[in-house]
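Read the structure below first, then the notes.
The values are calculated or read from the model by the stated rules, or taken from the named source; none is laboratory data. On a predicted model such as this, the values are computed, not experimentally measured, just so you know. Positions of Cβ are generated from backbone atoms using ideal geometry, with glycine treated the same way; all protein chains shown enter the neighbour counts.
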Amino acid sequence: MEQKLRYAFNVYDLDHNSTLDRAEILFILRAMFELLGMSDEKNKYSYEECADKIMKNLDINEDQRISKEEFIQGLINDSFLQSLMNPFQSL
């Protein structure tokens, strides 16, 4: 699973700086919601709320960026975030 999460992180790291910031998280969430046919208005949580939850739960050192290790450990330990952020969950 860790190898798959590393791959997912690299895909999500749009600026290739080895961290994910809130803007990248928002971009990912919008793309996933659209892919799943979900819109921000119809759902219980907005993109912003989801991004805030992800940042709060994964940004352990509170530097406003999620490192690869924070991402991997956070998703391994949080089944909700794993289902949300891991495109390989069923593989």
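Points to keep in mind about this one:
- Residue ID - farthest from residue 19 (Cα to Cα), chosen from residues in the stretch 33-91 that are of a type in the set (Asp, Glu) and modelled with pLDDT under 90: 41
- Residues that are in a helix (DSSP H, G or I) and in contact with a helix residue (DSSP H, G or I) (Cβ under 9 Å, 6 or more places away or on another chain), drawn from the stretch 24-38: 24, 25, 26, 27, 28, 29, 30, 32, 33
- Residue match in the stretch 11-21 (condition: surrounded by 11 or more Cβ atoms within 10 Å (Cβ to Cβ) and either in contact with a Ser or Thr (Cβ under 6 Å, 6 or more places away or on another chain) or among the polar types (S, T, N, Q) (or both)): yes
- For the stretch 11-23, a residue qualifies if it is farther than 15 Å from residue 58 by Cα and out of contact with any helix residue (DSSP H, G or I) (no Cβ under 6 Å at 6 or more places or on another chain), and the qualifying residues are 11, 15, 16, 17.
- Filter result (farther than 17 Å from residue 82 by Cβ and basic (Lys, Arg)) within the stretch 1-33: 22, 30
- Cβ pairs under 8 Å, 6+ apart, first in the stretch 1-23 and among the small types (Gly, Ala, Ser), second outside any helix (DSSP H, G or I): 8/86; 8/87; 8/88; 18/67
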